[in-house]
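The values are calculated or read from the model by the stated rules, or taken from the named source; none is laboratory data. The structure displayed is predicted, hence computed values, not measured ones. As a convention, Cβ positions derive from the backbone with ideal geometry for all residues, glycine included, and neighbour counts pool all protein chains shown. Keep in mind that these areas ignore ligands, DNA and RNA; they rest on the heavy atoms of the full protein, side chains included. Shrake-Rupley method; radii C 1.70, N 1.55, O 1.52, S 1.80 Å.
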Amino acid sequence: MKTIRLRDGKEKSLLRHHPWIFESAIAKGGGDKGETVRVESASGQFLCWAAFSPESKIRARAWSFDEKQRIDAAFFVAAIARSVRARGRFDIKSDGVRLIHGESDGLPGLIVDRYGDTLVAQFTSAGVERWKTVIADALLAETGLTELYERSDASSRALEGLPEVTGWLRGEGPVELELREHQWKLALNIAEGHKTGFYLDQRDSRQLFARYAQRLQFQRALNCYCYTGGFTVAALAGGAAHVTSIDSSGVAIEKARANVALNGFDAARADFLDADVNASLRRFGAEGRTFDAIVLDPPKFAPTAAHAERAARAYKDINRLAFKLLEPGGVLFTYSCSGGISGDLFHKIVASAGCDAQVDAYILERTGAAVDHPMTVAFPEGEYLKGLVVMRK
């Protein structure tokens, strides 16, 4: 077994069971791509078993902090079983479920979503790439399914020196699927859709939006960065009189329109704009249009903390524009999925946007990713999705 030894004082995060080891923390040692290495402190104390990645700034990711643990096929079988069975104890109102959530489930770099009878997996680190065959077999054995599609096309693969890979890894079936979520249905494409095909992490927020629509009887709702219309469907399911949805992808807009039809809603209750969100918000302001509910669910503006300052300006701008379009008593559901933007910083950004718009608002809710996208005590970076529900005074 190859060994890497850390610089003096760099063992503190591992003693707290944080799974990442950065290049700058390593004094000596190494391994092949994805190889399991023994990690020791400067004094030779065992810290963990980790997967080595010679091309990534995160040079190693911990598998286990138990010196007696063997990192073999049995290890992955047990870890997958533990994660999948945990979902059976979570309160999930959907047949679209995240079964494996990377570091939070002790499997760094592995994402696995289940859409009905189909599994979709992303292998984004050298460690899980090396064990891909074992992992694929274990997933099918644990779930009893036969179809596993690979979506290893995330940009983080390049940081690990890995090429993009997509296609059927086990079995074969349709890539156009339909999932049940709460009391509605949503269509998706696992080969072409974002992430593994859909944003399962906003499941609980979509239900919350439907509840607000029902209670406050939205007349004019606006869904920005609507993608395939999850929040649009939720608003209509809650009884919103009319929803305007905006996205800069014409393909996404057509799927959003199809999802409205899939649920049997009157097409007259929804209109769709294939347009830039910022430009549309400015145009609405110039036209004097207002809304009693607005959703801002933009793409990732800050993938790392290094991008936070530029991203903060972008988040502030769209929230400022939204506040100006919001009726008194109206609600804004606003989100950041950027790992480089903390929850506290996002709150400050939204507060600053309100100040610039000369709007004060009540913070009614703080939201995050759905329960099957867990954050753990040892890995706070798992809290990537932050949301606020605010009501204009």
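How many residues does segment 272-288 hold that are basic (Lys, Arg) and surrounded by fewer than 14 Cβ atoms within 10 Å (Cβ to Cβ)? Break it down stepwise before answering.
Of segment 272-288, the ones basic (Lys, Arg) are 282-283.
Narrowing further to those that are surrounded by fewer than 14 Cβ atoms within 10 Å (Cβ to Cβ): 283.
Adding up the residues that qualify gives 1.
Checking each residue in segment 193-228 for being of a type in the set (Asp, Glu) and in contact with a Cys (Cβ under 9 Å, 6 or more places away or on another chain) picks out only Asp201. Quick one: in segment 1-51, of everything that is in contact with a Gly (Cβ under 6 Å, 6 or more places away or on another chain) and outside any loop (DSSP other than H, G, I, E, B), which residue is nearest to Glu129 (Cα to Cα)? In this case the residue turns out to be Ala51. Note on segment 67-97: residues that are crowded, with 17+ Cβ neighbours inside 10 Å and in a loop (DSSP other than H, G, I, E, B) amount to 2. The residues on offer are Thr367, Thr376, and the sole one that is at pLDDT below 95 and among the polar types (S, T, N, Q) is Thr376.
Is at least one residue of segment 177-199 touching a Gly at 6+ places or on another chain (Cβ under 9 Å), within 21 Å of Arg366 (Cα to Cα) and not basic (Lys, Arg)? Within segment 177-199, one or more residues are touching a Gly at 6+ places or on another chain (Cβ under 9 Å), within 21 Å of Arg366 (Cα to Cα) and not basic (Lys, Arg).
Restricting attention to segment 158-173, does a residue exist that is under 14 Å from Thr118 (Cβ atoms), of a type in the set (Asp, Glu) and in contact (Cβ under 8 Å) with a residue 12 or more places away in the chain? Yes, segment 158-173 has at least one match.
Taken over segment 330-348, the criterion of being farther than 24 Å from Gln207 by Cα, among the hydrophobic types (A, V, I, L, M, F, W, C) and in a loop (DSSP other than H, G, I, E, B) is satisfied by Ile341 alone. For segment 335-393, which positions are among the basic types (Lys, Arg) and farther than 19 Å from Arg98 by Cα? The answer is Lys348, Arg366, Arg392, Lys393.
Quick one: would you say Ser64 is open to solvent by 20 Å² or more (accessible area, probe 1.4 Å) and farther than 25 Å from Thr166 by Cβ? Answer is no for this residue. Restricting segment 340-356 to residues that are crowded, with 19+ Cβ neighbours inside 10 Å and small (Gly, Ala, Ser) leaves a set whose member that is modelled with the lowest pLDDT is Gly340.
Only one of these is surrounded by fewer than 16 Cβ atoms within 10 Å (Cβ to Cβ) and within 24 Å of Met375 (Cα to Cα): Ser156, Ser152, Ser125, Ser104. Name it.
Details: Ser152 fails: surrounded by fewer than 16 Cβ atoms within 10 Å (Cβ to Cβ); Ser125 fails: surrounded by fewer than 16 Cβ atoms within 10 Å (Cβ to Cβ); Ser104 fails: surrounded by fewer than 16 Cβ atoms within 10 Å (Cβ to Cβ).
Step by step, each of Ser156, Ser152, Ser125, Ser104 is checked, and only Ser156 is surrounded by fewer than 16 Cβ atoms within 10 Å (Cβ to Cβ) and within 24 Å of Met375 (Cα to Cα).
When segment 142-156 is filtered for residues that are in a strand (DSSP E or B), out of contact with any helix residue (DSSP H, G or I) (no Cβ under 9 Å at 6 or more places or on another chain) and more than 17 Å from His194 (Cα to Cα), nothing remains. In segment 132-141, what count of residues is obtained for those that are closer than 26 Å to Arg59 by Cα, out of contact with any helix residue (DSSP H, G or I) (no Cβ under 6 Å at 6 or more places or on another chain), of a type outside the set (D, E, K, R) and open to solvent by less than 40 Å² (accessible area, probe 1.4 Å)? So the count comes out to 1.
When Lys386 is tested against (1) surrounded by fewer than 16 Cβ atoms within 10 Å (Cβ to Cβ); (2) in contact with a His (Cβ under 9 Å, 6 or more places away or on another chain); (3) within 22 Å of Ala221 (Cα to Cα), just one condition goes unmet, and that condition is (1).
Pairs linking a residue in segment 29-42 that is more than 19 Å from Ser56 (Cβ to Cβ) to a residue that is open to solvent by 30 Å² or more (accessible area, probe 1.4 Å) and in a loop (DSSP other than H, G, I, E, B), with Cβ atoms under 6 Å and 6 or more positions apart or on different chains, are Ser41/Glu11; Ala42/Asp8.
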